1. Can you work out the base-10 log of I(q)/I(0) for region 397-493 at q = 0.11 1/Å, using the Debye formula on its C-alpha atoms alone?
2. Under the Kirkwood approximation applied to all pairs of distinct alpha-carbon atoms, what is the hydrodynamic radius of region 4-144 in Å?
3. Defining a contact as two alpha carbons under 8 Å apart and six or more residues distant in sequence, what relative contact order in percent does region 372-468 show?
4. Taking the Kirkwood radius as the inverse of the mean 1/r across Cα pairs, report the Rg/Rh of region 243-503.
5. Among 259-267, 365-373, what's the highest-first ranking by average C-beta atoms within 10 angstrom per residue?
6. With each run of n ≥ 4 DSSP H residues scored as -39500 (n - 2.57), what mean residue ellipticity at 222 nm is computed for the chain after dividing by its residue count and rounding to the nearest 500 deg cm²/dmol?
7. Can you compute 3J(HN,Hα) from phi for each residue in region 116-131, using the Karplus curve 6.51 cos²θ - 1.76 cosθ + 1.60 with θ = phi - 60°, rounded to whole Hz and x for Gly and Pro?
8. Taking only C-alpha pairs under 8 Å that are 6+ residues apart, what is the relative contact order of region 4-144 in percent?
Amino acid sequence: MADLYTDARDEQTIEDVLLHGLSTQRAPKLRVLRIALARSLQIPTPPAEELDGGSMGGSEYALTRVTGAGLPADDEGRQDYDLAVRAMLSVYHGEDMFQGEESERRYRRYLQRHVRRGLQEIRTTWRPGHDFHGFLYHELFVGQAPRPARAELGQEILAGLREIGVSAQIRSVEDGPRISRYRIFLDDVNHYDKVKRGLDKLGLHLGLSTRQGILLQEDEDREREARVLALDVPRPRETWHTVPGARLRDWATQAKDVPILTVWPGVDVLGEPVYFDLAASPHLLVGGTTGSGKSVCLHALLLSLLWRLEPKDLQLTLIDPKRVELAHYGAFPQVTNGQIIEDIGDALETLDGLVDEMECRTLLLRQHGVANLAEGREQGRIDLPYVVVVVEELADLLFQSREAEAPLVRLTQKARAVGIHLVLATQRPDSDTFSGLLRSNVPGRIALSVRTGAESKIILDETGAEKLLGAGDMLLRPQAGVATRRAHGVRVSSDDIRLCLQNVRGRIQ
Ligand SMILES: Nc1ncnc2c1ncn2[C@@H]1O[C@H](COP(=O)(O)OP(=O)(O)O)[C@@H](O)[C@H]1O
Ligand SMILES: [Mg+2]
């Protein structure tokens, strides 16, 4: 049985490297696969899940051909490196890949993602005909040369500012997980607008692409001191700190006196936890391109709730027409009927059912003379749970069945008081998916990175998300009328979900 899969482009890359790069067809493919692995491991953020499947025209590999598992050493460079590779991936992903069937499966999956990402990297930076050894030297060694130290970066920023006609001094620097915040003191108060207009230029000066721009932080100090401003300067990826799922667990399990539907999507640019009350949103849209971190963000929202709430307080309805992302949650007792809704017909039925539930609850509230579910629960008159409905890929749902829009709109209009809250995720932030009525009734927004300012506007009503760094970088405005904030998402893994499930089972028995 095969352990790893590639697609046709990967195979072409392997062939090109063998023939034009290493100038021999006789070398085992394993060499190319290992170079690809090495290249991928240099990138500090994990490779995307999209690399999981192979496809037509691709090939299949047994583990032996990649890591040499089980091979005796020979003079072609074949040798059993499996333990070493396993150890590297365990460290890289912070997950144990030595024990049990599940970890074995994960190991192979991660290995495939890395190899395929490495091949992608090779074909984006090298072409047959170019010097492959030079490429390797440059990519694998020179690229690792230390970046300018912080003091130097400060000097670079000041030089960049001078270039746009601004003279200033640096007051302080704070390092967050992905950015460093430079507090700048302008020599001339009138230069503020010059800075604002010149940010892209400043970014280019620092070798950042304009997409990964510097953000100007309108901070509190400015009110008091017009000459102070803060620049959030993104750092190179290799200096980023991931926010692990364990932190989310700590926040959620140690939180006291927070609203019942509090969620912790990530940390702010300086590393402090960011949280909000989903009930206050009262409905949320999560938008961003493929690979921007939407699913991981949904996991963070879900685990925030699952770590704290029992089935009597929380019922989750999970709709996942893509049938992949939410599969893990079927085993949680908080999930209605222990089922993830994947079929479109079922989804429609469920949404209609929720509208009925909403009407029933509205009546019940009226009979008990309470304004909303929170009040009813507080007074001990109503003991219904909150209902959180998650739709993973709104566009898919609406594309397959436009009828789904009507119950969604009704829910967003009226379900707040009765404790039903929607979280809608989409990779297609366009006006077709997120149309007028839905827009105006879903005030909570989380934007992950998108391609264009126009897409950012659809999600947030403002630009900015096109400048985000990807991998869970987000702008969030959890409620209408509050300021938009930048955050870096918690990286929830399937292990975090499993751990939470164990905990829930232990708690509920
Ligand atoms: N908060 C995060 N921290 C670090 N990496 C992340 C984070 N969120 C996402 N990623 C990376 O981005 C990849 C794609 O995330 P995913 O949530 O599947 O994107 P989407 O659902 O938008 O397609 C993940 O496999 C992971 O490698
Ligand atoms: Mg996804």
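The values are calculated or read from the model by the stated rules, or taken from the named source; none is laboratory data. These numbers were taken from a predicted model, which means no experiment stands behind them. Every residue, glycine as well, gets a Cβ built from its backbone with ideal geometry; the counts of neighbours run over all protein chains shown. In case anyone asks, the SASA skips ligands and DNA or RNA and just uses the protein heavy atoms, side chains included. Shrake-Rupley method; radii C 1.70, N 1.55, O 1.52, S 1.80 Å.
1. Reported log10 I(q)/I(0), two decimals: -0.34.
2. That comes to 15.4 Å for region 4-144.
3. 24
4. My calculation puts Rg/Rh at 0.94.
5. Peptide ranking by packing, descending: 259-267, 365-373.
6. -12000 deg cm²/dmol
7. Each residue of region 116-131 in turn: 5, 5, x, 5, 4, 4, 4, 6, 7, 10, 10, 10, x, x, 7, 6 Hz.
8. 37
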